[in-house]
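The values are calculated or read from the model by the stated rules, or taken from the named source; none is laboratory data. These numbers were taken from a predicted model, which means no experiment stands behind them. FYI the Cβ positions are ideal-geometry reconstructions off the backbone, even for glycines, and counts take in every protein chain you see. Surface areas here come from the heavy atoms of the whole protein model, side chains and all, with no ligands, DNA or RNA. Shrake-Rupley method; radii C 1.70, N 1.55, O 1.52, S 1.80 Å.
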Amino acid sequence: MILQEAAINRLVLWNVDLTLVDVSIVTRDAYAEAFRVVTGRPLVKLVPPLGRPDSEVVFETLAVNGIVAEDDHLPAFLSALASAFADRRGRLSKEGRMMAGAKDALKAVSRLDGVVQTVLTGTIKSNAVLKLKAFGLDKYIDFELGGYGEEVYPKATLLQVAQSRARQRLGTPFTKANTVVIGDSTRDVQAAKIGGAGMIGVASGRSMASELREAGADIVLPDLSDASEVVKAVAALTAPVDSKAV
């Protein structure tokens, strides 16, 4: 992805699961395999993600299955999860789905003046890349600027990490004035509000439109099927700033 760095002054961060794609069947299977590899036992219960990072899901899944977490469990589990998911990447487009309008929305937003798009997701980086690549969505995303599930921070902090990465790379300060999060859960809304970003709620996944509004989303869309409405929302919430501002 080639960026004209001096021109970039809008940062758009997309949630992945149930906002852009749904590959929950493959994800559950990969978690079961990773659990077996790390613990030597079959997975009985997988804690639902509910917008939480993989690092948190791993600890809770170990606990509900009677495993006392030790220092090496998290890195071992995330490594096994990456391997198990990569082994199943051929199933993603067959057993998963791209959310309605996702590709057209990403493409349309990419044409907005001064925009760079990345992800703010609970999924670990390698798996986020595979999820979007399976549906041809990766070409619109600068993965190096994103926040991911192996980074053991609250999602609001991950948002600020992504803003910092973008500033360091592009030389533009990214704040609530020119940063927007697009996601489907109230946790995404909370992260945007706490971390400092505008918020577009998409009622395509975990939370209903009323819940997204109540949580404080600035704009709520039923889904991504109207690309022009997505662009309009992003433009309304991101006012370009002077790259020399402090």
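Tell me yes or no: at least one residue of region 81-90 is modelled with pLDDT of 95 or more, among the hydrophobic types (A, V, I, L, M, F, W, C) and either more than 30 Å from residue 163 (Cα to Cα) or in a strand (DSSP E or B) (or both). Yes, region 81-90 contains a residue that is modelled with pLDDT of 95 or more, among the hydrophobic types (A, V, I, L, M, F, W, C) and either more than 30 Å from residue 163 (Cα to Cα) or in a strand (DSSP E or B) (or both). Kindly evaluate residue 91 against the criterion of being basic (Lys, Arg) and under 18 Å from the mean Cα position of the chain (by Cα). So residue 91 does not fit the description; no.
Looking only at residues in region 30-80 that are of a type in the set (Val, Ile, Thr), in a helix (DSSP H, G or I) and open to solvent by 60 Å² or more (accessible area, probe 1.4 Å), the one that is farthest from residue 154 (Cα to Cα) is 37. The criterion of at least 2 residues that are closer than 30 Å to residue 84 by Cα and open to solvent by less than 40 Å² (accessible area, probe 1.4 Å) is met by the following helices (runs of 4 or more DSSP H) wholly inside region 131-246: 155-170, 186-195.
Kindly indicate whether any position in region 70-77 is within 23 Å of residue 189 (Cα to Cα) and of a type outside the set (Gly, Ala, Ser). No, every residue in region 70-77 fails to be within 23 Å of residue 189 (Cα to Cα) and of a type outside the set (Gly, Ala, Ser).
What are the residues in region 92-124 that are of a type outside the set (Gly, Ala, Ser) and either modelled with pLDDT under 95 or open to solvent by 60 Å² or more (accessible area, probe 1.4 Å) (or both), if any? Within region 92-124, 94, 95, 97, 98, 103, 104, 107, 111, 113 qualify. Would you confirm whether any residue within region 5-25 is in contact (Cβ under 8 Å) with a residue 24 or more places away in the chain, under 24 Å from residue 187 (Cβ atoms) and either part of a helix (DSSP H, G or I) or open to solvent by 70 Å² or more (accessible area, probe 1.4 Å) (or both)? Yes, region 5-25 contains a residue that is in contact (Cβ under 8 Å) with a residue 24 or more places away in the chain, under 24 Å from residue 187 (Cβ atoms) and either part of a helix (DSSP H, G or I) or open to solvent by 70 Å² or more (accessible area, probe 1.4 Å) (or both).
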